[in-house]
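K.L.:
Pasting in a structure now, in structure tokens, and then I'll have a few things to ask.
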Amino acid sequence: MSTAPFNFGRPTLVSRGRRWSFRFDVRTALTCAVFLVLTAGAVLVSLAYGTYEIPLGDVMRALAGNGEGGARTVIVEWRLPRALLAVLFGAALAIAGAVFQSISRNPLGSPDIIGFSSGSYTGALVVMLISGGGYYQVAAGSLLGGIATAFLVFVLAYRQGTQAFQLIIVGIAISAMLGAFNTWLILRADIEEAMLAAVWGGGSLNSLGYDQLWPVLAILAVLVPLTLATGPSMRQLELGDDAASALGTRTNVIRLVAVVLGVGLTALVTASAGPIAFVSLVAPQIARRITRTSSVALVPSAVLGAFLLVVADLIGQRIFAPVQLPVGIVTVSIGGMYFVWLLVREARRNS
Amino acid sequence: MSTTVAAAPAGRPGRAKAPSSGPSGRDDGKGQRPGLARTNAGRSLGLLIAVVTLAVCLLGSLAIGARSLPLPDVWNALFAFDGSEAAFIVRDLRVPRALLGLIVGAALGVSGALIQALTRNPLADPGILGVNAGAGFAVTLGIAFLGLTSFEGYLALSFAGAIVVTTAVYALGSAGRAGATPVKLTLVGVALSAVLAGISSAIALLRPDVFDEMRGWAAGSLAARGWDTFWNVLPFITVGLVLALLSARSLNAVALGDDLARSLGASVGRTRVVVVIAVTLLAGAATAAAGPIGFVGLMIPHIARWFVGPDQRWIMLYTMVCAPILLVLSDTVGRIVLSPQELQVGIVTAFIGAPVLILLVRRKKASGL
């Protein structure tokens, strides 16, 4: 490792080998490291606190594989998978959000713009309120609903290649129709069923365990590296299609691949835990403001998303205990407030 | 602002974009795209057709419902009151409902056009300034802690909520020397709305009675509002519409970017304040009267823009006429489609408006914002 010989305005670390070279932005790397540590800390805390409190020392012992039976069961069997899923889901959602914000060049860009979220909510609602079904049926319904909607939006927006603008408009139109249909489904349902549906719609990690952790981990192990690999091309896409083409980026291919990966990440989370709102919107923007980079970046977004979701789930479990709030509701409240504060502070500093 | 959010309004890749000159002086190309109607004569003709369509829709909404009345009866009820049951239905139920649809529709549409012009973001809708979230939050609090159950009780509360939250969004969004730039306003509005919506749904999920009331309010409906509601919101909406028409010229300049607008002599700061006040009055009153109705404010301005081009004065006029068409038509359709039950107007608007929008976006000429 040596510092770069040129002054690029921001301190960077460059590491070169015979076949590879990496350039780390110091502030970005530091941010990632700090938030990784914070995330780990939050995971530990969420392992220790609950209806049954366990001292941190016992938590460490249980994680290391030794420790007495009761505490070990609570920590390793019950709390650990949920905490890990919160980390994974947060990272996945944040990456998907960064992808969509980069592609749509709009800070409001999210998988919603191609109708994914409302479609998967519709799918889940149909299963919960009309046909009836357990966890896996609801997951399948939401997956099917989301993917069918995304496909429909693509088909309707297709005209000699997909243009971002048409995609967004068609996506909004279809989302609006599905949203209206969802409202109607909730209105005509029994109050208990409607509330259960609303809890799902808030996004919740309740009752998730190892059965969900391993498949999620396996799928993410494929999707996340692929998405990170499209990062450099997406930087070029942000220059505009013409400039990106001139730099040798195959714009339409990259855009399609990135959208598919972004949808895949969102679909995975939504099917397992319901639509957890706002992480994908706010994590890339918070990361951008903390790292002070000019565009949304994938890795810092992922770390922040993970941190946000772990903390949010901890709060959602504890704040009105024994009632558990859906984590999505907490992410919206806490993430939103922090985001407002960041925006205001940024404006003050610049003046 | 020293940094650029990736926030150029959803661009049109594949077309050359002018390089952005800075975050506040961005040209998104909106200023150059002509509409389908290229002459003022064509635009006037289109507006006339729209007005006639609106009149037909209003008349239809007087005649059609759970008990459909022949048009002569409607006429008699309006102009030769004879005390029959039909006359009462028309005078006390359908006329106020149709008129409420008219003003609420105009308010929603114009507030959408204003906020899109102000933020230069075609994805913006009045909800972005926190109107819906503020109203919903206030109504939730009212139901949960004040025990409100009547619609009239919600009206004042939701209007107050909308105004307070919009003011807060504007105040937070204008922190710093750059003032309330479009990007900041949008982000603050979205974030604050999300916070309030999150707290509202947390309350609703902890209290089933609140949940039950809220799901009815949140669908958005014009049913059973009566003359009182109409007269209550009319003054606010009138003032809002007048402010909108007055600021249309300045918004034409703002569309070129803040710097260029200033050099053309437009007062960007004053325009922003006036527009935000107009949006608050319009969307706040509409939401107070009918609950949150999405889509109208988002989409009608697009359709208007495709037809008349980028001139805000024409967009405002068209939106003012076309948005009520969608709302009144949806309200009428909602009465008959599941008869004898009624489908809330907020649910129907999307089902009528969205296909139109998709057809339009697939037209070759209509691919500009």
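The values are calculated or read from the model by the stated rules, or taken from the named source; none is laboratory data. Since we're looking at a predicted model, the values are computed, not measured. FYI the Cβ positions are ideal-geometry reconstructions off the backbone, even for glycines, and counts take in every protein chain you see.
K.L.:
Among the residues of the stretch B:246-267, which ones are in a helix (DSSP H, G or I) and buried (at least 20 other Cβ atoms within 10 Å of the Cβ)?
P.N.:
Matches in the stretch B:246-267: B:SER247, B:ALA248, B:SER250, B:LEU251, B:ALA253, B:VAL254, B:ASP258, B:ALA261.
K.L.:
For the subset of the stretch B:155-179 comprising residues that are crowded, with 24+ Cβ neighbours inside 10 Å and more than 24 Å from A:SER280 (Cβ to Cβ), which member is farthest from the other protein chains (Cβ to nearest Cβ)?
P.N.:
So, considering only residues that are crowded, with 24+ Cβ neighbours inside 10 Å and more than 24 Å from A:SER280 (Cβ to Cβ), the one farthest from the other protein chains (Cβ to nearest Cβ) is B:PHE159.
K.L.:
Can you confirm whether the stretch B:323-333 contains a residue that is within 10 Å of chain A (Cβ to nearest Cβ) and in contact (Cβ under 8 Å) with a residue 60 or more places away in the chain?
P.N.:
no
K.L.:
Would you check if there is a residue in the stretch B:235-245 being surrounded by fewer than 24 Cβ atoms within 10 Å (Cβ to Cβ) and either touching a Gly at 6+ places or on another chain (Cβ under 9 Å) or facing another protein chain (nearest Cβ under 8 Å) (or both)?
P.N.:
There is at least one residue in the stretch B:235-245 that is surrounded by fewer than 24 Cβ atoms within 10 Å (Cβ to Cβ) and either touching a Gly at 6+ places or on another chain (Cβ under 9 Å) or facing another protein chain (nearest Cβ under 8 Å) (or both).
K.L.:
Here's a follow-up. Could you please tell me which pairs satisfy a Cβ distance under 9 Å, a separation of 6+ or placement on different chains, a first residue in the stretch B:209-226 that is within 10 Å of chain A (Cβ to nearest Cβ) and on the phi > 0 side of the Ramachandran plot, and a second residue that is modelled with pLDDT of 85 or more and in a helix (DSSP H, G or I)?
P.N.:
B:GLY220/A:THR183; B:GLY220/B:THR287; B:GLY220/B:ALA290; B:GLY220/B:VAL345; B:GLY220/B:GLY346; B:GLY220/B:ILE347; B:GLY220/B:THR349
K.L.:
Can you say whether A:GLY316 is within 12 Å of chain B (Cβ to nearest Cβ), surrounded by 24 or more Cβ atoms within 10 Å (Cβ to Cβ) and over 22 Å from A:MET234 (Cα atoms), as far as the supplied structure shows? If you could, list the steps in order and put the result at the bottom.
P.N.:
Values: within 12 Å of chain B (Cβ to nearest Cβ): yes; surrounded by 24 or more Cβ atoms within 10 Å (Cβ to Cβ): yes; over 22 Å from A:MET234 (Cα atoms): yes.
Yes, satisfied.
K.L.:
For the stretch A:30-66, enumerate the residues that are assigned to a helix (DSSP H, G or I), at pLDDT below 90 and loosely packed, with under 13 Cβ neighbours inside 10 Å.
P.N.:
Residues satisfying the conditions are A:LEU56, A:GLY57.
K.L.:
Moving on to the next point. Being part of a loop (DSSP other than H, G, I, E, B) and at pLDDT 85 or above is the filter here; which residues of the stretch B:328-369 pass it?
P.N.:
B:LEU343, B:GLN344 - these are the residues of the stretch B:328-369 that are part of a loop (DSSP other than H, G, I, E, B) and at pLDDT 85 or above.
K.L.:
Among the residues of the stretch A:165-221, what is the count of those that are under 25 Å from the mean Cα position of the chain (by Cα), farther than 30 Å from A:ARG105 by Cβ and facing chain B (nearest Cβ under 8 Å)?
P.N.:
Here the count works out to 4.
K.L.:
Still on this structure, please answer the following. For the stretch B:288-327, enumerate the residues that are farther than 24 Å from B:SER250 by Cα and modelled with pLDDT under 90.
P.N.:
B:ALA288, B:ALA289, B:ALA290, B:GLY291, B:PRO292, B:ILE293, B:GLY294, B:PHE295
K.L.:
Next question, about the same structure. From the list A:ALA321, A:ALA277, A:ALA306, which one is more than 10 Å from every other protein chain (Cβ to nearest Cβ), under 15 Å from the mean Cα position of the chain (by Cα) and small (Gly, Ala, Ser)?
P.N.:
A:ALA306
K.L.:
Which of the residues belonging to the stretch A:103-136 are at pLDDT below 80 and under 21 Å from the mean Cα position of the chain (by Cα)?
P.N.:
A:SER104, A:ARG105, A:ASN106, A:PRO107, A:LEU108, A:GLY109, A:SER110, A:PRO111, A:ASP112, A:ILE113, A:ILE114, A:GLY115
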